[in-house]
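Read through the structure below, which is laid out as structure tokens, and then see the notes.
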Amino acid sequence: MKLLLIDPSVAGISGDMFIAALLDLGAPSEALEEVVKLIESETGKKVGFELRDVNRKNIRCKQVVLSIEEDFEGLSYDDIRYYMEKILGKCRISREAKGFAGRCLETLIEGEARIHGDQHAHLHELGSVDTLFDILGAALLLDALGVFKDFKVISTPVNVGSGVVRTSHGELSVPLPLAAEILRAKAVPFFKRHKGELATPTGLVILACLVDEFSEELPVAKILSIGRGAGTAQLSSAPNVLQLYLCESSALEKEQISLLETSVDDVSGEVLGNAVGELFKAGALDVQIIPTVAKKNRPGYVVQVISPLGEEEALAQLMMRELGTLGVRYSRVSMRFALRREVRKIRVRISNYEGYARVKLGLDEKGKVVTLKPEYEDARRIAEQTSLPIREVLSRIACEARARFF
């Protein structure tokens, strides 16, 4: 699998940083020149851009500097939609890229409308050539790299900056209202570090409408090329650089997980068994019951639950309810290697039974079956119908599956 990895966790993201990083990654500058020509022809505004080689704290990177002879004075929503549609109609890009550009613009408009309460108001600071340039430039460059057709896009959480900045509405805290609306609407994970506004609305909307998955750590992958885009400001404690990585995924998938754990010494085997079943139903990836010695030398158990990200609180509440424990320890295990999993039905003939049984397959990056395991519930059902021991049924299903998939 091809991957585009985005890391806005240090210096945030803006539209011009993202475009510069794409160009540094290998996207053709001719695509950006096409954007400028179309903006000029459709809007009548004189536009130019310069691609510079710059350094941010001794790290080489690209910077895009846009020049506009005379900008708009706050385009209405309908006006900027009109220009976007006209330009997209003349661009030589894919349907997916056009859809991406449209989603970016509509997300900005919806955010502005929520803030100002008017579906036909003006885009304030974003009613500009700069907005058209950022969105259209990103769409054409991503399309030229083949991202919309062949890539999975993963990003770290975004550093939005911190503190208070002066705007046309007066002093406002970071993230500014429109940035906050985009973060909310697209559920973009973020945090606040370094002073100033580090994530602009156009940068955030490009990120929000492009990314397939957010992860606190980027996956294990083979890096093919790196692109670095520079921000305008000089940060005191970090290089103001957005990094993009063009990669191939590793043979094993890397999943982000959490560990929940509690100790109990006053529950029966029946309660423990039921709790395990309920936790799996609720989405636990794995559950372990480990014998231990508890307080006052009493025999007890440590219950460990592997949780997907975002499900920790719900699973912890379920552990408390089912086990009667007063607290659940929580730690981020970070990552686990995993084969891609699929469940397939195969036809089997076992004694007097002829029908289907499900088998869970573990696949490598090329789709080759590495391991397989019959689904327990299907094996139990067939064992009941045939009066055979379940271990015999599991063996027969596995044998049929190996003959088919290996």
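Values quoted throughout were computed directly from the atomic coordinates according to the rules given, and no laboratory measurement underlies them. No experiment lies behind these values; they were computed from the predicted model shown. Virtual Cβ from ideal backbone geometry, glycine too; neighbours counted across all protein chains shown.
Legend: calculated FRET efficiency, Arg336 to Val165, from the Cβ-Cβ distance at R0 = 41 Å, rounded to 0.05, equals 0.55.
Inter-part distance, segment 263-295 to segment 203-255, computed on C-alpha centroids, equals 39 Å.
With a Förster radius of 30 Å, plug the Cβ-Cβ distance of Leu259 and Glu365 into 1/(1 + (r/R0)^6) and report the FRET value to the nearest 0.05. Efficiency, from the Cβ-Cβ distance: 0.70. With a Förster radius of 60 Å applied to the beta-carbon distance between Lys149 and Lys295, the computed FRET efficiency rounds to 0.50. Loop-located trypsin sites (Lys or Arg not before Pro) across segment 73-182 with a Cβ neighbour count of 15 or fewer within 10 Å are Arg92, with loop assigned by DSSP. Descending by average beta-carbon neighbour count within 10 Å, the peptides 41-48, 365-372, 289-296 line up as 41-48, 365-372, 289-296, the highest first. Ignoring lysines fewer than eight residues from Lys2 along the same chain, the ones with Cα atoms less than 24 angstrom from its Cα are Lys62, Lys98, Lys149, Lys152, Lys186, Lys222, Lys254, Lys366, Lys368.
Basic side chains Lys and Arg get +1 at the Cβ, acidic Asp and Glu get -1 at the Cβ, and with that the dipole of the chain about its Cα centre reaches some 1880 debye.
Using Cα-only point scatterers and the Debye equation, what is log10 of I(q)/I(0) for segment 30-116 at each q in 0.14, 0.17, 0.18, 0.21 Å⁻¹, rounded to two decimals? Debye output, listed in q order: -0.66, -0.90, -0.97, -1.13.
For Ala185 and Ser94 in one chain, what is 0.36 nm times their gap in residues minus the Cα-Cα distance, to one decimal in nm?
Here the segment from Ala185 to Ser94 would lengthen by 30.2 nm.
Applying 0.36 nm per residue to the separation of Met1 and Glu110 and subtracting their alpha-carbon distance, the gain on full extension is 35.9 nm. Convex hull of alpha carbon positions in the chain: directionally averaged projected area 26.7 nm².
Helix 29-43 and the long axis of the chain differ in direction by around 60°, with both axes built from C-alpha atoms. Only Lys, Arg, Asp and Glu carry charge here, each on its Cβ (+1 for the first two, -1 for the last two); on that basis segment 254-337 has a dipole of about 280 debye about its Cα centre.
Hey, in the GNM for the chain with a 10 angstrom Cα cutoff, which one of Pro157, Pro189, Pro374 fluctuates hardest? Greatest mean-square fluctuation among the candidates belongs to Pro374. With semi-axes defined as the square roots of five times the eigenvalues of the C-alpha gyration tensor, the equivalent ellipsoid of segment 317-404 measures 33, 22, 9 Å, largest first. Farthest towards the positive end of the charge dipole of segment 2-251, among the residues Gly137, Phe72, Pro28, is the Cα of Pro28, using unit charges on the Cβ of Lys, Arg, Asp and Glu. Among Gly196, Gly310, Gly229, the residue with the largest mean-square fluctuation in a Gaussian network model of the chain, with springs joining Cα atoms closer than 10 Å, is Gly310.
In the chain, the longest principal axis of the Cα atoms and the axis of helix 269-281 are about 30 degrees apart. Relative to the dominant Cα principal axis of the chain, helix 95-116 is inclined by about 80°. Label positions at Gln385 and Arg329, each projected 7 Å from the Cα along the C-beta direction, are separated by 4.6 nm. Subtracting the Cα-Cα distance of Arg52 and Tyr356 from their residue separation scaled by 0.36 nm leaves 103.2 nm. Each principal axis of the Cα atoms in segment 206-335 has its own extent, and those three values, largest first, are 61, 35, 26 angstrom.
Straight-line cross-link reach from Lys373 at under 13 Å between alpha-carbon atoms covers these aspartates and glutamates, not counting any fewer than eight positions away in the same chain: Glu342, Glu400.
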